[in-house]
Amino acid sequence: MERKKFVVLGAGPSGLTLAHSLIDAGTPREEIVVLEKERISGGLCRSEDVDGAPLDIGGGHFLDMRRKEVLDFIFRFMPREEWELFDRVSKIRLRGIEVDHPLEANLWQFPVEVQADYLESIAQAGCVRGEPMPESFAAWIEWKLGERIAQEYMLPYNRKIWSMDPDALGTYWLYKLPDVSFRETLLSCLEGKPMGSLPAHGTFLYPKKFGYGEVWRRMGVALGDALVTGCALESVDLDSRIVNGRWQAETIVSSVPWTCWLDAAKLPQAVADDVRTLRNAPIDVDYVPDTLDSPSHWTYEPDESVPYHRALLRSNFAGNAKGYWTETNATRSKPTEGVRFHNEYAYPINTLGKPEAVARILDWAKSRSIVGMGRWGRWEHMNSDVAVAEALQVARELSGNGACA
Ligand SMILES: Cc1cc2nc3c(=O)[nH]c(=O)nc-3n(C[C@H](O)[C@H](O)[C@H](O)COP(=O)(O)OP(=O)(O)OC[C@H]3O[C@@H](n4cnc5c(N)ncnc54)[C@H](O)[C@@H]3O)c2cc1C
């Protein structure tokens with residue numbers, strides 16, 4: 001039996017950042033072990049070489065630049081000079097043409113008739129007319145953008161990405177979407193330029209010579225023996241905190257999906273019931289060798305007759321790359337002879353009741369010296385920079401250098 005201060009489950013951005021930060025804060029490396037089921041670290045952010053260039057196997061990944069503390073940490077493993085800075089070009093394909101994202105700021109790029117249709121939709125939207133915010137997701141989308149935009153764009157896109165009835169989703173996560181102003185949308189059409197709030201990733205970094213996975217691979221290598229790859233979570237004895245019959249932890253930090261715990265540990269019935277309510281969307285990432293004629297870094301595809309929901313034009317951001325890849329909810333994927341990467345745990349789904357279920361799971365975990373963090377510990381749709389920021393904070397708390405959240 002090996003005694004460890006910390007047993008960390010999962011070597012994605014969350015687990016990797018946590019392990020390094022605990023070491024930085026004074027925990028000897030020998031007192032930490034990170035267990036990862038795959039053969040390399042990086043989780044959803046891993047990349048592989050396909051057809052002579054990198055492909056991000058968990059989908060398109062770009063580094064947001066807004067958190068200095070996160071960038072300082074990441075640049076230790078891949079210095080700033082190894083990253084290229086891009087101004088985001090993302091498009092939506094609608095009514096047969098590509099316009100810039102977000103739609104409401106770029107209606108002016110459509111022919112005049114289409115602009116009129118969509119302006120009418122926004123003018124009739126509940127939020128523009130001061131109506132109260134509805135509870136259900138589908139009604140919320142119509143309330144936000146009006147019926148026509150909801151029917152042609154947001155509802156089909158959301159049906160594709162989640163592959164479930166939009167009304168099974170809550171609306172608690174939609175506060176991130178900017179308010180739509182009819183006045184600004186009209187002015188934007190009249191003046192022929194974007195207006196209103198623009199989305200995240202306005203500028204982003206992507207490695208010059210590698211895929212996004214390289215920095216996380218290096219982070220894993222830098223952990224040396226403290227990282228054990230090819231080692232899935234198999235068992236946890238909750239009383240002794242012995243993991244896989246080999247490592248006894250003072251504290252277990254879990255960044256793996258809570259659903260993996262169902263077979264590994266004897267969870268109390270109420271906790272197991274909460275875990276069983278959690279839903280995830282799987283995605284397939286498919287490589288296509290053709291190079292598309294578009295300046296876009298990525299393009300959203302709401303048309304339900306097309307299986308994928310997003311195309312990533314790597315020829316426009318990865319060094320010396322041709323071709324593109326697509327992201328498809330795996331339940332919509334068609335069989336392929338081509339290069340495909342399957343990600344069972346890609347998107348945590350924001351179902352009704354999820355925040356309350358996760359809060360109860362985390363409360364119980366805390367009472368057993370288990371910390372849940374990251375995309376799957378919190379079951380939240382967080383980007384990798386947010387996962388790193390959270391892990392830096394958790395490391396401060398576990399090292400006694402930060403207030404507990
Ligand atoms: C399509 C898509 C696009 C995205 N785009 C961006 C983007 O542009 N920019 C951005 O910053 N972020 C993006 N993200 C989010 C990013 O992937 C996550 O924020 C990040 O991966 C979260 O890190 P994590 O360590 O919490 O989770 P994960 O990366 O999921 O890592 C969890 C780790 O746990 C391991 N694991 C799972 N089960 C077990 C088990 N039973 N035993 C042991 N190990 C296990 C996994 O193999 C994995 O290594 C995107 C995500 C997706 C799906």
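The values are calculated or read from the model by the stated rules, or taken from the named source; none is laboratory data. Since the model is a prediction, treat every value here as computed from it, not as a measurement. Using ideal geometry, Cβ is built from the backbone for each residue, glycine included, and neighbour counts are taken over all protein chains shown.
In this structure, does residue 333 turn out to be closer than 28 Å to residue 392 by Cβ and either surrounded by fewer than 20 Cβ atoms within 10 Å (Cβ to Cβ) or more than 14 Å from the ligand (Cβ to nearest atom) (or both)? Can you show your working first?
Working: closer than 28 Å to residue 392 by Cβ: no; either surrounded by fewer than 20 Cβ atoms within 10 Å (Cβ to Cβ) or more than 14 Å from the ligand (Cβ to nearest atom) (or both): yes.
No, not satisfied.
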Members of the range 342-388 that are more than 10 Å from the ligand (Cβ to nearest atom) and charged (D, E, K, R): 354, 356, 360, 363, 366, 368
message: So residue 1 ticks every box in (1) touching a helix residue (DSSP H, G or I) at 6+ places or on another chain (Cβ under 9 Å); (2) over 27 Å from residue 381 (Cα atoms); (3) of a type in the set (A, V, I, L, M) but one. Which box is left unticked?
response: (1)
message: Checking residue 34 against (1) closer than 16 Å to residue 228 by Cβ; (2) away from the ligand (no atom under 13 Å from the Cβ): exactly one of these is not met. Which one?
response: (2)
message: Scan the range 119-126 and tell me whether some residue there is at pLDDT below 95 and of a type in the set (Asp, Glu).
response: no
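Residue check: is residue 19 within 15 Å of the ligand (Cβ to nearest atom) and not acidic (Asp, Glu)? Lay out the reasoning, then the answer.
On the way: within 15 Å of the ligand (Cβ to nearest atom): yes; not acidic (Asp, Glu): yes.
Spelling it out, residue 19 is indeed within 15 Å of the ligand (Cβ to nearest atom) and not acidic (Asp, Glu).
Restricting attention to the range 373-381, does a residue exist that is at pLDDT 95 or above, closer than 24 Å to residue 23 by Cα, among the hydrophobic types (A, V, I, L, M, F, W, C) and surrounded by 20 or more Cβ atoms within 10 Å (Cβ to Cβ)?
At the first step, the residues of the range 373-381 found to be at pLDDT 95 or above are 373-380.
Still in the running and closer than 24 Å to residue 23 by Cα: 373-378.
Narrowing further to those that are among the hydrophobic types (A, V, I, L, M, F, W, C): 373, 376.
Now narrow it down to the ones that are surrounded by 20 or more Cβ atoms within 10 Å (Cβ to Cβ): 373, 376.
The answer is yes, given that some residue of the range 373-381 is at pLDDT 95 or above, closer than 24 Å to residue 23 by Cα, among the hydrophobic types (A, V, I, L, M, F, W, C) and surrounded by 20 or more Cβ atoms within 10 Å (Cβ to Cβ).
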Members of the range 41-70 that are touching a Lys or Arg at 6+ places or on another chain (Cβ under 8 Å) and farther than 25 Å from residue 323 by Cα: 41
query: Quick check: is even one residue across the range 246-254 touching a Ser or Thr at 6+ places or on another chain (Cβ under 9 Å) and farther than 22 Å from residue 38 by Cα?
result: yes
task: State which residue is surrounded by the fewest Cβ atoms within 10 Å (Cβ to Cβ) when the search covers only the range 37-71 and only residues that are acidic (Asp, Glu), within 12 Å of the ligand (Cβ to nearest atom) and within 15 Å of residue 216 (Cα to Cα).
output: 38
task: Please work out which residue is nearest to residue 31 (Cα to Cα), limiting yourself to the range 212-240 and to residues that are more than 12 Å from the ligand (Cβ to nearest atom) and surrounded by 21 or more Cβ atoms within 10 Å (Cβ to Cβ).
output: 226
query: Among all residue pairs at least 6 apart or on different chains, which show Cβ distances below 6 Å where the first residue, located in the range 36-52, is within 9 Å of residue 10 (Cα to Cα) and modelled with pLDDT of 95 or more and the second is in a strand (DSSP E or B) and more than 8 Å from the ligand (Cβ to nearest atom)?
result: none
